[in-house]
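The values are calculated or read from the model by the stated rules, or taken from the named source; none is laboratory data. Owing to the predicted nature of the structure, the values given are computational and were not obtained by experimental measurement. Quick reminder, even Gly has a Cβ in these numbers, built from the backbone with ideal geometry, and neighbours come from all protein chains shown.
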């Protein structure tokens, strides 16, 4: 049926939002469209990184992904309850919220695979952004905008901002998941950036875990590994890009990475790794693959820190020697109050590491916890740490509970 011209004019003048054309329409309960393209039509963050676009409405999420080193544009929006996101991809910046306003996406907590929304493009596995936003929890959430400042961080005498980095595979019991003992350690040591292994939580959503262990303003990314033992990164500062690099040696996790807008003009790339136990040669091959990803993906001049459960038998193992080409691996190493550098349960092997690039290591400072100080960093073991009043709410036996096979490792850095 043809409408009279006067009616068309009224529609255009007064009802344009309802009847005008849109590059990315969003209907109530429907998914938003995205101008993203991907090689082969699949989402695979492990082969190219992340890119997504769009905005999330009340309970909704918009996004798309670029794979195999490709790129994805955006400017899509999702309506109330809608979703159009790649399961493995995420990027964030300058996104807007639909029905319910911008804060609606942060209030909705749903532990489902999905990326974040934003106007970003990826090339070779990275996605840039100016303001991080999040969808409905899932594998990525970042409730703070990029360049949000350094609120909440301890300053140094020189006026710099202290950034605490922790490597932690401190799950317990028989489920390779975070339980109260490990959560208490995270609460006590208050890392600004945590490189987590076995990032599973059985008592709620990932958002709930991060809120409890770190705080409601912290960002997180966890690689999608259903039924596996995924790696992840939690950050006080905005995660402006994130993804996973394939670890061909194992099937239940990859290398999780996040590009973080830390204080100062230089971004920090944080990489959470969990190398294979029981095989020196396999760990060396994993490190060679990791170094290839870092060389290919990280822009020259950016800071990098690799950390996690390397399962290394000694600090001269081949995997560590290979990492020394790009990261600071030599002594002095973090240690506990008894000068023990080892991090396994029996405290006789150096399983866990925080390894900064030389440029990032140049900002290394003494770790201070209460009145105690650790010039090279801290290996935290509640069974030997004194006084426990410096690490409330930790309990004496937390580091020795059933299933906890690792000690947390802490390094501090002062950034301008």
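Selection of strands (runs of 3 or more DSSP E) fully inside the stretch 323-392 by the criterion of at least 2 residues being surrounded by 22 or more Cβ atoms within 10 Å (Cβ to Cβ) returns 352-356, 378-380.
Is there a residue being at positive phi and either in contact (Cβ under 8 Å) with a residue 24 or more places away in the chain or assigned to a helix (DSSP H, G or I) (or both) anywhere in the stretch 229-242? Scanning the stretch 229-242, I find no residue that is at positive phi and either in contact (Cβ under 8 Å) with a residue 24 or more places away in the chain or assigned to a helix (DSSP H, G or I) (or both), so the answer is no.
Scanning the stretch 378-385 turns up at least one residue that is over 16 Å from residue 184 (Cα atoms), within 26 Å of the chain's Cα centre (by Cα) and modelled with pLDDT of 95 or more.
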